[in-house]
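Nothing in this text is a laboratory measurement; each read-out follows from the coordinates by a stated rule. Remember, it's a predicted structure, so these values are computed and weren't measured experimentally. We place every Cβ from the backbone using ideal geometry, glycine too, and count neighbours over all the protein chains shown.
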Amino acid sequence: MNGIFEAYRSSIGKKFVIAVTGIILFLFVLGHMIGNLQLFAGRDVLNSYAAFLQSTGKILWVVRIIMLTVVAVHILANLQLFFMNLGSRPVGYRVKKTREVSYSARTMIWSGPIIAAFVLYHLLHFTTGGAHHDFIKGDVYYVVVSGFKIWWVSAVYIVANLLLGFHLKHGLWSWFQTLGFAHPKYNIWRKRFALLFSGLIIVGNLSMPIAVLAGWVA
């Protein structure tokens, strides 16, 4: 255990933790999106899917707790790495070069906490109903549609998922390098992979509030 904590104290150790937790979160987001897209299959299909998840009982809440822990560790490691890098150069650069740093990379430090805050709102909105104006337990289809019919609620989801897309774009690109799978010969494929899957998450998640607002799902 001491060896693990010693490794984590280094910047490389923190980057490794960020990469591993990032991969776990990405897979969860992808699976969560696929499940939610059953909204387009109709009320019975989505409600049956939700009922199946609820039937798992304590297992579902264990998964939720694990994922929230992973989110917390991911944010903590990012913040610690940020301040570690900041502290290593107390005097700012006279000219700040950002040629190799994309917009999504420069905003990782604040997009992560914002996304985490959105996740908590999402749980209160669609899971517990504490932030929903008309929550009906057991009718997930109605809860989702009635929620997204409020324009500012949909706006919150749209903005949050755009931030998530930018966050994932940089994360998907970085993970290969951190875990030792980067090579100049394959950088183009890393870039395409990051663009493809971050774009897939954005389009999939945004399609639901947009479809409700447009009246395509009611």
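Tabulated values for the structure
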| item | result |
| --- | --- |
| Karplus-derived 3J(HN,Hα), 6.51/-1.76/1.60, for each residue of the stretch 153-167, Hz, glycine and proline x | 5, 4, 4, 4, 5, 5, 4, 4, 6, 5, 4, 4, x, 4, 4 |
| Filter on LYS58/LYS149; LYS58/LYS169; LYS15/LYS58; LYS14/LYS191; LYS137/LYS169; LYS15/LYS191 - keep pairs with C-alpha separation over 27 Å | LYS58/LYS149; LYS58/LYS169; LYS15/LYS58; LYS137/LYS169 |
| 0 to 90° range, to nearest 10: angle between helix 58-87 axis and the chain longest Cα axis | 30 |
| Kirkwood Rh in Å, taken over the stretch 1-63 so that all alpha-carbon pairs contribute | 14.5 |
| Among [x] 13.3; [y] 14.9; [z] 12.2, the entry derived from the coordinates for mean projected area of the Cα convex hull in nm² | [y] |
| 3J(HN,Hα) from dihedral phi, the stretch 46-55, Karplus parametrisation 6.51/-1.76/1.60, rounded to Hz, x for glycine, proline | 5, 5, 5, 5, 5, 5, 4, 4, 5, 5 |
| Under the Karplus curve 6.51 cos²θ - 1.76 cosθ + 1.60, θ = phi - 60°, whole-Hz ³J(HN,Hα) for the stretch 127-136, x wherever Gly or Pro sits | 9, 8, x, x, 10, 9, 6, 8, 7, 10 |
| Positive dipole terminus of the chain, leading residue within TYR121, ALA50, SER174 (C-beta point charges) | SER174 |
| For PHE135, residues with placed amide H under 5 Å, excluding near neighbours | none |
| By average C-beta atoms within 10 angstrom, highest first, the peptides 43-55, 133-145 | 133-145, 43-55 |
| Under 5 Å, built H, 5+ apart or other chain: amide partners of VAL217 | VAL212 |
